[in-house]
Amino acid sequence: MAAVSQLIEKTVSRFPRFARQEIIVHPLEKGGSDRKFYRMAFNADHSMILAKYGRQREENRHYVAIAQFLGGVGVRVPEIYFHDDEEGLIWMEDLGDRDLWSYRNEPWPARRDLYHNALDQVLTLHTRAHLATPVEPPQLQAEFNAELYRWEQNYFLENCLIRHFGLDADDVEEKCNRARLAEIGEQLAALPRCYVHRDFQSQNIVIKDGAACFIDFQGMRPGLPQYDLASLLYDPYVRLPKHERAELLNHYLEALADYGQPAVAADFTAIYDLCAMQRLMQALGAYGFLGHVKERPHFLEHIPAALTALREVLERIPGVESLREQLAKL
């Protein structure tokens, strides 16, 4: 209760037009980060979100600069009202409660436009944000390179296969097609990069007034556009059927051509599959780590969906037969 009272006091000190006795605080559950979110409701028509972050992760400190940068290049993100860097507090626009995930049970025609809108927004990020603009680029996390791709692979092997499924570490190492995985990391790292969201999944896309707005973008960094696409289209939180994934991928390719950057579909989708492998490995590693190490067992519920998707993707990637056989037994 004392913590809530402090948040109210700090809010009133920054926004004195609001009376403290009128402020109602609603804690919000959000993801697996160390940040805490609160809805500060002033009346029936006005509210804002207060985010409190710790110093454990440097990327949290750059959230505001990235938000201002993205807004400056035309990507929809919440407006920042005030940032108290010393206290680790950010007051920002309240986008509402309806993320893309909340539409998962709607008919496809109703969801299609929302996904198209989200893809159009991320295409703006992929094609405009790395160009010279009047907005100074913020400090970002380390780019996707071979080392980061290798880290994602190891994260999966250690936290999913070994920690969660209890497989023998030596057996995993012997059968994980290590040389091929390293080759994939090197191949992806050699490709031209753009700015990517890094965690582009349904719960990080809020729908306000029918338009997609991005949140949790503090991990933005130079990488491959296919990584963001795979993050959304193979999102373990929303299992899209194959025909929906194919339609959405085609929408992105057509929009990319409209931007004057036509892609050879076969080449683009081959890299897309490799990025999907990486993303799903990262997600599975995160679920195992958060579920067992951080003791947040609800994340373990998403392992079956992510594992099924990874099996499907690996069927289209040559040279990982031993890893496929290992996953088939789980």
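The values are calculated or read from the model by the stated rules, or taken from the named source; none is laboratory data. Owing to the predicted nature of the structure, the values given are computational and were not obtained by experimental measurement. Neighbour counts run over all protein chains shown; Cβ positions are idealised from the backbone, glycine included.
When you go through F268, F214, F289 one by one, which is the residue that is within 21 Å of E158 (Cβ to Cβ), of a type in the set (A, V, I, L, M, F, W, C) and either surrounded by fewer than 24 Cβ atoms within 10 Å (Cβ to Cβ) or touching a residue at least 60 places away in the same chain (Cβ under 8 Å) (or both)?
F289
Hand me the list of helices (runs of 4 or more DSSP H) wholly inside the stretch 242-330 holding 3 or more residues that are over 18 Å from the mean Cα position of the chain (by Cα) and within 19 Å of Q187 (Cα to Cα).
265-288
Write out, first by first residue and then by second, each pair whose Cβ atoms fall under 6 Å of each other, whose residues are 6+ apart or on separate chains, and whose first residue, in the stretch 71-97, is in contact (Cβ under 8 Å) with a residue 40 or more places away in the chain while the second is acidic (D, E).
Short answer, once both residue conditions are applied: P78/E93; E93/E79.
Got at least one residue in the stretch 133-145 being under 13 Å from V196 (Cα atoms), assigned to a helix (DSSP H, G or I) and of a type in the set (D, E, K, R)?
Within the stretch 133-145 (the criterion being under 13 Å from V196 (Cα atoms), assigned to a helix (DSSP H, G or I) and of a type in the set (D, E, K, R)), the answer is no, since none of the residues qualifies.
Given A309, A328, A230, which one is free of Cβ contacts under 8 Å to residues at least 40 places away in the same chain and at negative phi?
None of the others qualify; the one that does is A328.
Could you say whether any residue in the stretch 167-185 is assigned by TED's automatic domain parsing to the domain that holds A230, under 22 Å from the mean Cα position of the chain (by Cα) and part of a helix (DSSP H, G or I)?
Checking the stretch 167-185: at least one residue is assigned by TED's automatic domain parsing to the domain that holds A230, under 22 Å from the mean Cα position of the chain (by Cα) and part of a helix (DSSP H, G or I).
Out of curiosity, is E174 surrounded by fewer than 17 Cβ atoms within 10 Å (Cβ to Cβ) and in contact with a Ser or Thr (Cβ under 9 Å, 6 or more places away or on another chain)?
Yes; evaluated as a whole, the condition is true for this residue.
Out of Y252, Y237, report the one residue that is farther than 23 Å from R128 by Cα, in the same structural domain as E174 (by TED's automatic domain parsing) and surrounded by 14 or more Cβ atoms within 10 Å (Cβ to Cβ). Step through it out loud before you land on a result.
Working: Y252 fails: farther than 23 Å from R128 by Cα.
Criteria check complete, one pass: Y237.
Is at least one residue of the stretch 200-214 assigned to a loop (DSSP other than H, G, I, E, B), among the acidic types (D, E) and touching a helix residue (DSSP H, G or I) at 6+ places or on another chain (Cβ under 8 Å)?
First, the residues of the stretch 200-214 that are assigned to a loop (DSSP other than H, G, I, E, B): 200-201, 209-210.
From the residues that got through so far, the ones that are among the acidic types (D, E) too are 209.
Next, from what is left, pick out any that are touching a helix residue (DSSP H, G or I) at 6+ places or on another chain (Cβ under 8 Å): none.
Scanning the stretch 200-214, I find no residue that is assigned to a loop (DSSP other than H, G, I, E, B), among the acidic types (D, E) and touching a helix residue (DSSP H, G or I) at 6+ places or on another chain (Cβ under 8 Å), so the answer is no.
Against the definition (modelled with pLDDT under 95 and farther than 27 Å from G71 by Cβ), how does V264 come out, yes or no? Outline the logic, then answer.
On the way: modelled with pLDDT under 95: yes; farther than 27 Å from G71 by Cβ: yes.
Criteria met by V264.
Look through L290, L249, L284, L280 and report the one residue that is in contact with a Ser or Thr (Cβ under 8 Å, 6 or more places away or on another chain) and either under 24 Å from R311 (Cβ atoms) or of a type in the set (S, T, Y) (or both).
Values: L290 fails: in contact with a Ser or Thr (Cβ under 8 Å, 6 or more places away or on another chain); L284 fails: in contact with a Ser or Thr (Cβ under 8 Å, 6 or more places away or on another chain); L280 fails: in contact with a Ser or Thr (Cβ under 8 Å, 6 or more places away or on another chain).
After ruling out the rest, the residue left standing is L249.
From N117, N154, which residue is surrounded by fewer than 20 Cβ atoms within 10 Å (Cβ to Cβ) and touching a strand residue (DSSP E or B) at 6+ places or on another chain (Cβ under 7 Å)?
N117
Within the stretch 54-65, does at least one residue satisfy the condition of being crowded, with 18+ Cβ neighbours inside 10 Å and either modelled with pLDDT of 95 or more or touching a helix residue (DSSP H, G or I) at 6+ places or on another chain (Cβ under 8 Å) (or both)?
No - not one qualifying residue is present in the stretch 54-65.
Quick one: which of D168, D216, D228, D199 is of a type outside the set (V, I, T) and at pLDDT below 95?
D216
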